[in-house]
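Contents: one structure, followed by commentary.
Coordinate-derived values only; no laboratory data. Everything quoted here is computed from the prediction, not taken from an experiment. Because the Cβ atoms are built from the backbone with ideal geometry, glycine has one as well, and the counts that use them run over all protein chains shown.
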Amino acid sequence: MWQPRIGVGDGLSLRPWRESDATAVFKAFNCPDIQRWHVRRMDTHDEALAWIAGWAKRWDDKTDASWAISRDDEPLGQAGLRHVSLFEASAALSYWVLPEARGAGIAARAAHALTEWTFDILGLHRVSLEHSTANAASCRVAAKLGFAVEGTLRGSARHADGWHDMHLHARLRSDG
């Protein structure tokens, strides 16, 4: 199955990453806010190209997936699925948005579209979302999407400034 384009609305879509997106990816992973919550950085344009190529392989392996959140085909951020298990019908949601695209609800709209796609098209039963307890914006996104708080995972993620407790949220297909 080829990776589809997913409509988000308001001129936004989720589309597979392209080599031509490498500059935007490089910029994202050198943004202090994105580094703070995602721990990843890139030192070269080639690393961005490898990151993009890696997503195509993970899609083919059915383990992970990532889409560029785009408007007019220009990348504004990322929405993805990690730890995809078709057998257990579950995945974990991830997202980030470039600084110039923040504050317009893009993360929430993209995450909503991807969550609905996982339930309606992939037939998944459960989608989870983890974020640092210090990341209030991600907590608001999870709440807006109807992801119930399931608990706190103590010291479960290493960030640049040390170990972070993580909130675990999830939504079941039956939650509606």
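If you count, for each residue, the other Cβ atoms within 10 Å and average over each peptide, how do 20-28, 75-83, 152-160 line up from highest to lowest? Spell out each step's value before the answer.
Numbers: 20-28: 18.4, 75-83: 21.7, 152-160: 12.4.
Descending mean neighbour count gives 75-83, 20-28, 152-160.
Which whole-Hz couplings ³J(HN,Hα) result when phi for each residue of region 19-36 is put into the Karplus expression 6.51 cos²θ - 1.76 cosθ + 1.60, θ = phi - 60°, listed in order with x for Gly and Pro?
After applying 6.51 cos²θ - 1.76 cosθ + 1.60, I find 4, 5, 8, 4, 5, 5, 5, 4, 4, 4, 7, 10, 7, x, 5, 5, 4, 4 Hz.
Given 25 °C and 0.890 mPa s, how large is the Stokes-Einstein diffusion coefficient of region 6-128 in µm²/s, with Rh as the Kirkwood radius over Cα pairs? Don't skip to the end; give the middle numbers.
Values: Rh = 14.6 Å.
Approximately 168 µm²/s, per Stokes-Einstein.
If we sort 137-143, 161-167 on the protection proxy, mean other Cβ atoms within 10 Å, highest first, what's the order?
137-143, 161-167
Enumerate the aspartates and glutamates that K57 could reach by cross-link, defined here as Cα to Cα under 15 Å, with residues fewer than 8 away along the same chain left out.
Candidates past the 8-residue exclusion: E19.
Taking amide H atoms as placed 1.01 Å from N in the peptide plane, list the residues 5 or more away in sequence, or in a different chain, whose amide H sits under 5 Å from that of L122.
Amide H neighbours of L122, under 5 Å, 5+ apart: none.
What is the Cα centroid distance between region 36-77 and region 89-150, reported in whole angstrom?
Centre-to-centre (Cα) distance: 17 Å.
With a 10 Å radius around each residue's Cβ, average the other Cβ atoms per peptide and rank 40-47, 11-18, highest first.
11-18, 40-47
Output ³J(HN,Hα) for region 46-63: one whole-Hz value per residue in order, computed from phi by the Karplus curve 6.51 cos²θ - 1.76 cosθ + 1.60 with θ = phi - 60°, and x for Gly and Pro.
Values, residue by residue: 4, 5, 5, 4, 5, 4, 4, 4, x, 5, 4, 5, 5, 4, 4, 7, 6, 10 Hz.
For the pair A136 and R36, how long in nm is the line joining their label points, each one 7 Å along Cα→Cβ?
1.1 nm
How large is the charge dipole for region 6-128, taken about the Cα centre, if only the Cβ atoms of Lys, Arg (+1) and Asp, Glu (-1) carry charge, to the nearest 20 debye?
So the dipole magnitude of region 6-128 works out to roughly 320 debye.
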